[in-house]
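Engineer: Once you've had a glance at the structure underneath, I'll fire off some questions.
The values are calculated or read from the model by the stated rules, or taken from the named source; none is laboratory data. Since we're looking at a predicted model, the values are computed, not measured. Backbone-built Cβ (ideal geometry, glycine too); neighbour counts: all protein chains shown.
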Amino acid sequence: MIGEQIYNFAEQLWGINRSITGNGVRQTLQLIQRHLPNLKIVEVPTGSKVFDWEVPQEWCVDEAYIIDPEGKKFCDFKQNNLHLLGYSIPFAGYMELPELTEHLYTLLDQPDAIPYVTSYYEKRWGFALAHNEFSRLKKGKYYVFISTKHFHGSMSYGELIIPGNSKSEIFLSTYICHPSMANNELSGPVVQTQLGLWLARLKERRYTYRLVFLPETIGSITYLSRNLKTLKKNVIAGFNITCVGDDRSYSYLPSRNGDTLSDRVAKHILHWTDPNYRKFAWLDRGSDERQYCSPGVDLPISSIMRTKYGEYPEYHTSLDDLNLVVTAKGLNGGYWALRNAIDLIEKNHFYVSINLCEPFMSKRNLYPSLSTKKIDNDVNRIMDVLSYCDGFHSVIDIANNLNVPAWDLYKTFDKLVGENLIAKDDANQI
Amino acid sequence: MIGEQIYNFAEQLWGINRSITGNGVRQTLQLIQRHLPNLKIVEVPTGSKVFDWEVPQEWCVDEAYIIDPEGKKFCDFKQNNLHLLGYSIPFAGYMELPELTEHLYTLLDQPDAIPYVTSYYEKRWGFALAHNEFSRLKKGKYYVFISTKHFHGSMSYGELIIPGNSKSEIFLSTYICHPSMANNELSGPVVQTQLGLWLARLKERRYTYRLVFLPETIGSITYLSRNLKTLKKNVIAGFNITCVGDDRSYSYLPSRNGDTLSDRVAKHILHWTDPNYRKFAWLDRGSDERQYCSPGVDLPISSIMRTKYGEYPEYHTSLDDLNLVVTAKGLNGGYWALRNAIDLIEKNHFYVSINLCEPFMSKRNLYPSLSTKKIDNDVNRIMDVLSYCDGFHSVIDIANNLNVPAWDLYKTFDKLVGENLIAKDDANQI
Amino acid sequence: MIGEQIYNFAEQLWGINRSITGNGVRQTLQLIQRHLPNLKIVEVPTGSKVFDWEVPQEWCVDEAYIIDPEGKKFCDFKQNNLHLLGYSIPFAGYMELPELTEHLYTLLDQPDAIPYVTSYYEKRWGFALAHNEFSRLKKGKYYVFISTKHFHGSMSYGELIIPGNSKSEIFLSTYICHPSMANNELSGPVVQTQLGLWLARLKERRYTYRLVFLPETIGSITYLSRNLKTLKKNVIAGFNITCVGDDRSYSYLPSRNGDTLSDRVAKHILHWTDPNYRKFAWLDRGSDERQYCSPGVDLPISSIMRTKYGEYPEYHTSLDDLNLVVTAKGLNGGYWALRNAIDLIEKNHFYVSINLCEPFMSKRNLYPSLSTKKIDNDVNRIMDVLSYCDGFHSVIDIANNLNVPAWDLYKTFDKLVGENLIAKDDANQI
């Protein structure tokens, strides 16, 4: 099961302290590069203008912890990188519990979870911890120590182009800006890495593939600001890859348009992967499709997910881990749903029948020589497929019309091409 | 409550004997003119050709009554103008009950109601009375006296143009040809008068407003025959205003097209005014939309009503009164539904996002500086609205997509315009 | 009841041994010619190339039977032509039961039925018989005698053109290649013959009619290969006529397009003939629409049927007979559904209103002179019809909008034309 390899890679990336900038991101990209040697790591200097935004300062963490009145260290960044508020400024000093409490973040309704908290665009320091741990804190003097740096550095992202026969592109995007959380986000980069491996090894690719690993929001905005023209010209489909690691459900979130090739493929694949998959709406969005599908950008990007961000209790807490939430089986399902979707885009041709009227199948041994009352389903399927080979129905359309998964028809199309009964005619392809 | 002012005006107009021509119409128009001084009263001479029709003779009533064998007067026009058949010819003479009965109209299934009966295009005389009163009539000689006149005069209607920034027009039409009945019709002219007052007082109007008060059918046909070219060129939306005075339900009747701006506005407003509003079909029509939406005329006119004509038991009888059927509260609801609809047409812009990608909201204090698991609904709404500002979604479309009343979004649009994040772009406006 | 005449003609054709070629087809066509003297019988030589196919050899049967060990003749072709495998090669010789059994065809689940079996494109001999009869066969020597001939002859079909005012054509097709079975197929040619009689006798026809009687599949392919250009240019609607003889249900099978004039007519007529009619899908097809609607051919052909082939137990067996399955009443229903459909195509005009606004109906005595609370339904219907006479609604569209059968409106349209209120305007006709 390929999910196990993916899981192993997730374990390697688990402990790294990722944020929107900093060494955690670089380290993550370098580990991905070991599998995908052609991955280009791009550095964008602090202060670069990207549309309405500006690339923020780089952030580095040395150490961070609190010492309680009894001298015991807690909220130690080394123990769990979620303890430190994301983008926390440095601080060192003593204070009483009430003052400290103003800098502590907990979740009352999930008292065992460390919440994930960040403050990218306002200077703050703070710690996150389980509410149960917080409740046990006693009166007295606490010592806070945060050694972090903000400086004019750069923001890093990774980009990999895998060329195909056509300049038309499939765009895959995932993000690498969250510390140790598994379904959101680690499942995304590890599944995308595995997809990159598969794509790079294919003997032939109909389309060119563009894979990016970048910080959410600021990363995708930066990438768009530098590549918009090319993307708008070439990208015919793509997916934002996130939350593909648990084994509880399959989910779909549409592009803003709602009926792009990515949407049609995603709906087809998910329907035949899990008929009870969850369909979300554009208003439920929350990841980089917010940028990719924004007015004027309008890329055909949808999301194929397992359990969506915000829809599972462990989301954005320390409970979103590699033991209970994300599993090899969950990653395997996420990987195959996306791989099947990409495979279908590759195979989604329009065909035309070479003959007028039904061809004489008997001479090709594709029709029973004895005509009786019984109907042969395989023969029916061939004739049904043929009846839609008019240059206006794609493979997805035909599979939907026949109410079968597209992959059940790949051999039929190959056989009909082999018998010289149909030919590809992608002139009507969008 | 503005409904009370409207109700008071209805009381003033109540006793006037309106018909399709005559002094009752003129008197009604003059009273409306007191509120809307710019109202132009137009007289169209008897015999004028209007499309396939001809303006009929003017009709005046002096007095009309019957005296029973015991000398008692009944069916007295002065007591209730519904007693006299509309457009009755003059008559004076004695007759026995059986002969008289041929000229009497009652309702068996509503024995307390005087029915509303007219004979515009065939010469007749007659009286309408409650069936219970009719049943008590005894054998003997009756004296009938009807002093009316038909003569070459004119038909009157009122027209008010309230100019706006654009030559494009909103067309409001109501009718003034029924004697003392409250929901159908008096609620129409009194609500339209109040709307005219509101519109005239607005500091700025995006659109020009055209308000007409005219006899149903012959009046609207006459008006169209004289203004068709202008109306077809300028009118982008409008409403036929009738049955807007009771408090039992809200109703919608579509234009023939069914999906004009008027229809989309009416459905949106009514849905958020009363989710159980009644949706009628074009085949249920029965007022001046029959002319405004007829083939070749095709104006975008729908109807926003309270309880529709023909759908309440008191309809077209003396029971449709200002005590039980029409109330200040009912009028208030009808007025606000229409005013909200007009307000929405004024505000129904198309907006475009000024930035590519989501703008950097934090620097505008439109985004929380601390990112936690909780989602702020106000922030979400702003981002949702922004995501549809692509020049192809109107305010109505966006409100429908977000499943909220448009009025909940007016402030959001204003704020986004104020922050220079979106701009009006009505090029796609129909 | 016209169904009785149709039934009588079916009895005449019943015993003939039809196949895709041979004298049975010719004999059938000659009997049809007695009713339709202008029917042209066309012979296509064996070996003619027709698209991907070739016209097969002609097949003639002299006699065929088996003699059992006790000297008793059974499976006698003269008793039931279904006993002989269609296109059986000649054979004469003795054999034991096990060897014979390899050439016998029965139906386990319908032990009293002789199944219909053919082998057009592979050389075989064989017999079909009831499984109950087969079970009684004893060990011993059997004598098989089959006297048939395959030779270079021709395939026959019939074609009848009935000219109309327009070159645009209605295409009716039925097949004549099955031996003695009643609903599938004999009902088809006999109903089509009766439709031909009716059409030929009409004083005036708006459209030209093309009726073909041909062997299924190879016949329609042959016909298309010789007439494709003309058919594609002229045919605006048509029906494949089959299974129109039983009285159990009505059925509809769409064209591949699904929304041609033929489809809209068929759905309208069937809805008002039997609201519970069965709607099949393109994937349920199985007759000559497979050719007529194939990619690149794309004729607007749907099917109006009684109980569809494959959907009744007697299908393709000796039980599909003229006693139980097909009845005069069943044929009558099939005939009228098709005739009503053709009649509707003839009458399916687009009309435009001659006046702007509603016309003044009172002066034409089309409106009650006394206006009361009651609504006259006939008047309403006239006004409703008029309101849709805008040149964009066909008679079918208007009938669908009014939710009435089109035939209920024919008089209304005639009256409105007679009053010079509407005029035909077929410019928008597809």
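Engineer: Return yes when B:His103 is within 14 Å of chain C (Cβ to nearest Cβ), closer than 20 Å to B:Phe91 by Cα, touching a strand residue (DSSP E or B) at 6+ places or on another chain (Cβ under 8 Å) and surrounded by fewer than 21 Cβ atoms within 10 Å (Cβ to Cβ) and no when it is not.
Structural biologist: Taking the combined requirement at face value, the residue satisfies it.
Engineer: Also, I was wondering about something else. Please specify each residue of region A:303-331 satisfying the condition of being touching a Gly at 6+ places or on another chain (Cβ under 8 Å) and either polar (S, T, N, Q) or not assigned by TED's automatic domain parsing to the domain that holds A:Pro215 (or both).
Structural biologist: Correct list: A:Thr327 only.
Engineer: Separate question: Which ones in region C:31-47 are outside any loop (DSSP other than H, G, I, E, B) and of a type in the set (A, V, I, L, M)? Talk me through it step by step, then tell me what you get.
Structural biologist: Initial filter on region C:31-47 (outside any loop (DSSP other than H, G, I, E, B)): C:31-35, C:40-45.
Those that are outside any loop (DSSP other than H, G, I, E, B) and of a type in the set (A, V, I, L, M): C:Leu31, C:Ile32, C:Ile41, C:Val42, C:Val44.
Engineer: Hey, C:Lys167 hits all of (1) over 30 Å from C:Ser302 (Cα atoms); (2) surrounded by fewer than 24 Cβ atoms within 10 Å (Cβ to Cβ) but one; which does it fall short on?
Structural biologist: Of everything listed in (1) over 30 Å from C:Ser302 (Cα atoms); (2) surrounded by fewer than 24 Cβ atoms within 10 Å (Cβ to Cβ), C:Lys167 misses just condition (1).
Engineer: Tell me yes or no: at least one residue of region B:85-100 is out of contact with any Lys or Arg (no Cβ under 8 Å at 6 or more places or on another chain), crowded, with 18+ Cβ neighbours inside 10 Å, more than 14 Å from chain C (Cβ to nearest Cβ) and in contact (Cβ under 8 Å) with a residue 40 or more places away in the chain.
Structural biologist: The answer is yes; a qualifying residue exists.
Engineer: Given the criterion out of contact with any Gly (no Cβ under 7 Å at 6 or more places or on another chain) and either within 30 Å of C:Gly15 (Cβ to Cβ) or modelled with pLDDT under 95 (or both), identify the matching residue among C:Leu344, C:Leu402, C:Leu366. Spell out how you get there, then give the answer.
Structural biologist: On the way: C:Leu344 fails: either within 30 Å of C:Gly15 (Cβ to Cβ) or modelled with pLDDT under 95 (or both); C:Leu402 fails: either within 30 Å of C:Gly15 (Cβ to Cβ) or modelled with pLDDT under 95 (or both).
Checking each option against the conditions leaves just C:Leu366.
Engineer: Could you list all residues from region C:21-30 that are touching a strand residue (DSSP E or B) at 6+ places or on another chain (Cβ under 8 Å) and either surrounded by 17 or more Cβ atoms within 10 Å (Cβ to Cβ) or outside any helix (DSSP H, G or I) (or both)? Walk me through how you get there before you give the answer.
Structural biologist: Here is the first cut: in region C:21-30, the ones touching a strand residue (DSSP E or B) at 6+ places or on another chain (Cβ under 8 Å) are C:21-23, C:25-26, C:28-30.
Correct list: C:Thr21, C:Gly22, C:Asn23, C:Val25, C:Arg26, C:Thr28, C:Leu29.
Engineer: Taking interchain pairs and intrachain pairs at least six residues apart, which have beta carbon atoms under 7 angstrom, with the first residue in region A:395-410 and under 10 Å from A:Val385 (Cα atoms) and the second of a type in the set (Phe, Trp, Tyr) and modelled with pLDDT under 95?
Structural biologist: none
Engineer: In addition: If you go through region B:95-154 one residue at a time, how many are part of a loop (DSSP other than H, G, I, E, B) and farther than 30 Å from C:Met361 by Cβ? Steps first, please.
Structural biologist: At the first step, the residues of region B:95-154 found to be part of a loop (DSSP other than H, G, I, E, B) are B:102-103, B:106-114, B:116-117, B:119-126, B:129-130, B:136-140, B:152-153.
Checking which are farther than 30 Å from C:Met361 by Cβ leaves us with B:111-112, B:130, B:136-140.
Residues meeting the conditions: 8.
Engineer: Can you tell me which residue in region A:108-124 is nearest to A:Pro90 (Cα to Cα), limited to those that are within 7 Å of chain B (Cβ to nearest Cβ) and out of contact with any Gly (no Cβ under 9 Å at 6 or more places or on another chain)?
Structural biologist: Checking each candidate, the answer is A:Glu122.
Engineer: crowded, with 16+ Cβ neighbours inside 10 Å and over 20 Å from the mean Cα position of the chain (by Cα): is that true of B:Val61 in this structure?
Structural biologist: Details: crowded, with 16+ Cβ neighbours inside 10 Å: yes; over 20 Å from the mean Cα position of the chain (by Cα): yes.
So B:Val61 passes the test.
Engineer: Scan region A:366-405 for residues that are part of a loop (DSSP other than H, G, I, E, B), closer than 17 Å to C:Leu283 by Cβ and more than 9 Å from chain C (Cβ to nearest Cβ) and report the count.
Structural biologist: Just the residues of region A:366-405 that are part of a loop (DSSP other than H, G, I, E, B), to begin with: A:366-370, A:372-376, A:388-389, A:403-405.
When the remaining residues are screened for being closer than 17 Å to C:Leu283 by Cβ, the result is A:375-376, A:388-389, A:403-405.
Of the ones still in play, those that are also more than 9 Å from chain C (Cβ to nearest Cβ) are A:376, A:404-405.
Number satisfying all stated conditions: 3.
Engineer: Also, I was wondering about something else. Which residue is farthest from C:Pro90 (Cα to Cα), if the candidates are limited to region C:40-58 and must be surrounded by fewer than 18 Cβ atoms within 10 Å (Cβ to Cβ) and within 14 Å of chain A (Cβ to nearest Cβ)?
Structural biologist: C:Lys49
Engineer: A further question follows. Return the total of residues in region C:1-12 being among the aliphatic types (A, V, I, L, M), more than 16 Å from the chain's Cα centre (by Cα) and part of a helix (DSSP H, G or I). Steps first, please.
Structural biologist: Going residue by residue through region C:1-12, those that are among the aliphatic types (A, V, I, L, M) are C:1-2, C:6, C:10.
Retained after the next criterion (residues that are more than 16 Å from the chain's Cα centre (by Cα)): C:1-2.
From the residues that got through so far, the ones that are part of a helix (DSSP H, G or I) too are C:2.
Total meeting the criteria: 1.
Engineer: Considering each of A:Leu224, A:Leu202, A:Leu261 in turn, give the residue that is more than 14 Å from chain B (Cβ to nearest Cβ), at pLDDT 95 or above and buried (at least 19 other Cβ atoms within 10 Å of the Cβ). First the steps, then the outcome.
Structural biologist: Working: A:Leu224 fails: more than 14 Å from chain B (Cβ to nearest Cβ); A:Leu202 fails: buried (at least 19 other Cβ atoms within 10 Å of the Cβ).
Being more than 14 Å from chain B (Cβ to nearest Cβ), at pLDDT 95 or above and buried (at least 19 other Cβ atoms within 10 Å of the Cβ) holds for just one of A:Leu224, A:Leu202, A:Leu261, which is A:Leu261.
Engineer: Ok, one more. Could you list, ordered by first residue, the pairs with Cβ atoms under 6 Å in which the first is in region A:347-360 and away from every other protein chain (no Cβ under 11 Å) and closer than 18 Å to C:Leu231 by Cβ and the second is among the acidic types (Asp, Glu) and assigned to a loop (DSSP other than H, G, I, E, B), at least 6 apart or interchain?
Structural biologist: From region A:347-360, no pairs qualify.
Engineer: Separate question: Restricting attention to region C:147-161, does a residue exist that is over 24 Å from C:Leu29 (Cβ atoms) and not assigned by TED's automatic domain parsing to the domain that holds C:Gly24? Reasoning before the result, please.
Structural biologist: Quick first cut of region C:147-161, residues over 24 Å from C:Leu29 (Cβ atoms) only: C:147.
Restricting the remaining residues to those that are not assigned by TED's automatic domain parsing to the domain that holds C:Gly24 gives C:147.
There is at least one residue in region C:147-161 that is over 24 Å from C:Leu29 (Cβ atoms) and not assigned by TED's automatic domain parsing to the domain that holds C:Gly24.
Engineer: Now, a different point. Determine, yes or no, whether B:Ile342 is touching a residue at least 12 places away in the same chain (Cβ under 8 Å), closer than 30 Å to B:Tyr207 by Cβ, among the aliphatic types (A, V, I, L, M) and not assigned by TED's automatic domain parsing to the domain that holds B:Ile241.
Structural biologist: Working: touching a residue at least 12 places away in the same chain (Cβ under 8 Å): yes; closer than 30 Å to B:Tyr207 by Cβ: yes; among the aliphatic types (A, V, I, L, M): yes; not assigned by TED's automatic domain parsing to the domain that holds B:Ile241: no.
So B:Ile342 does not fit the description; no.
Engineer: Taking the residues in region A:410-430 that are among the hydrophobic types (A, V, I, L, M, F, W, C) and away from chain C (no Cβ under 14 Å) as candidates, determine which candidate is surrounded by the most Cβ atoms within 10 Å (Cβ to Cβ). Don't jump to the end; show me each part of the working.
Structural biologist: Taking region A:410-430 as the starting set, the residues that turn out to be among the hydrophobic types (A, V, I, L, M, F, W, C) are A:413, A:416-417, A:421-423, A:427, A:430.
Right, trim to away from chain C (no Cβ under 14 Å) and you get A:413, A:417, A:427, A:430.
Working: A:Phe413: 19, A:Val417: 15, A:Ala427: 8, A:Ile430: 10.
That would be A:Phe413.
Engineer: Kindly list, by first and then second residue, each pair from a residue in region C:156-176 that is under 22 Å from C:Ile304 (Cβ atoms) to a residue that is surrounded by fewer than 16 Cβ atoms within 10 Å (Cβ to Cβ) and among the aliphatic types (A, V, I, L, M), limited to pairs with Cβ atoms under 6 Å and residues at least 6 apart or on different chains.
Structural biologist: Matching pairs, first to second residue: C:Gly158/C:Ile41.
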